[in-house]
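The values are calculated or read from the model by the stated rules, or taken from the named source; none is laboratory data. Keep in mind that what you see is a predicted model, and the values were worked out from it rather than measured. Cβ sites come from the backbone with ideal geometry, for glycine too, and all protein chains shown count toward neighbours. The accessibility values were calculated without ligands, DNA or RNA, using every heavy atom of the protein model including side chains. Shrake-Rupley method; radii C 1.70, N 1.55, O 1.52, S 1.80 Å.
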Amino acid sequence: MIYSIVLVLHSWLRWAVLLLGLAALVRSARGWAQRAPRTETDRKLGAAFVGSLDAQFLLGVLLYVVLSPITPSSLAALKASMPIAALRFFAVEHAFGMILAVAIAHVASARAKRAADPATQHRRMALGVLFALLVVLAAIPWPFLPHGRPLFRLP
């Protein structure tokens, strides 16, 4: 039962991550282009994106390490799982991609805070959010993929 609940939360939280990331990207790109000062709204939106990504990551780790009925068998026979696209995707590719996205988002946020001028702050945040979003988009099991999952998982 808890597996299903966490899986639904993980599925729906992806939309918050994507929407917050897109909003942070647009604001940072606009601030970079206009050389505008970084506002409190910009900072909060960037923090909301990173925070939602962290929450999504924690739910994913909970699914991966504790709750998933598939992961233990995939990891136990990792060599045998690699030729099977769906098992490889969830055992390795999805997890690695999301770890990479979280790392990129955190580094971008920290580097943006330390930048001296507003244009550099916006540029670092825009590029970091862009790269993190690209990795997230590549690591989501979209329905059109052979190992795809529904866009909106229902309880």
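Brief remarks follow.
- The packing ranking of peptides 106-114, 126-134, highest mean first, is 126-134, 106-114, where packing means the average number of other beta carbon atoms within 10 angstrom of each residue.
- Residues whose amide H falls under 5 Å from that of Ala36, counting only those 5 or more places apart or on a different chain, are absent, with hydrogens built in the peptide plane.
- The chain, accessible surface, carbon-and-sulfur percent (1.4 angstrom probe): 73 percent
- Given in Å, the Rg to one decimal and the Dmax to the nearest whole number for the Cα atoms of the range 1-56 are 14.3, 50.
- Equivalent ellipsoid dimensions for the range 47-104 as semi-axes, Å, which come from the Cα gyration tensor, largest first: 24, 13, 7
- Note that the chain shows a convex hull volume over its alpha carbon atoms of 110 Å³ per residue.
- Rounded to the nearest whole Hz, the Karplus-based 3J(HN,Hα) values (6.51 cos²θ - 1.76 cosθ + 1.60, θ = phi - 60°) of the range 91-108 follow the sequence 6, 10, 5, 4, 5, 4, x, 6, 4, 4, 4, 4, 4, 4, 4, 5, 5, 4, with x at glycine and proline.
- List Met1, Met98, Met125, ordered by accessible area with a 1.4 Å probe, largest first: Met1, Met98, Met125
- Judged by the gyration tensor of its Cα atoms, with axes a ≥ b ≥ c, the range 112-155 is prolate; a/c meets the 1.5 cut and a/b is the larger of a/b and b/c.
- For the chain, the per residue solvent-accessible surface stands at 56 Å², with DNA, RNA and ligands left out and a 1.4 Å probe.
- Taken as Cα centroids, the range 114-155 and the range 8-27 sit 8 Å apart, rounded to the nearest whole angstrom.
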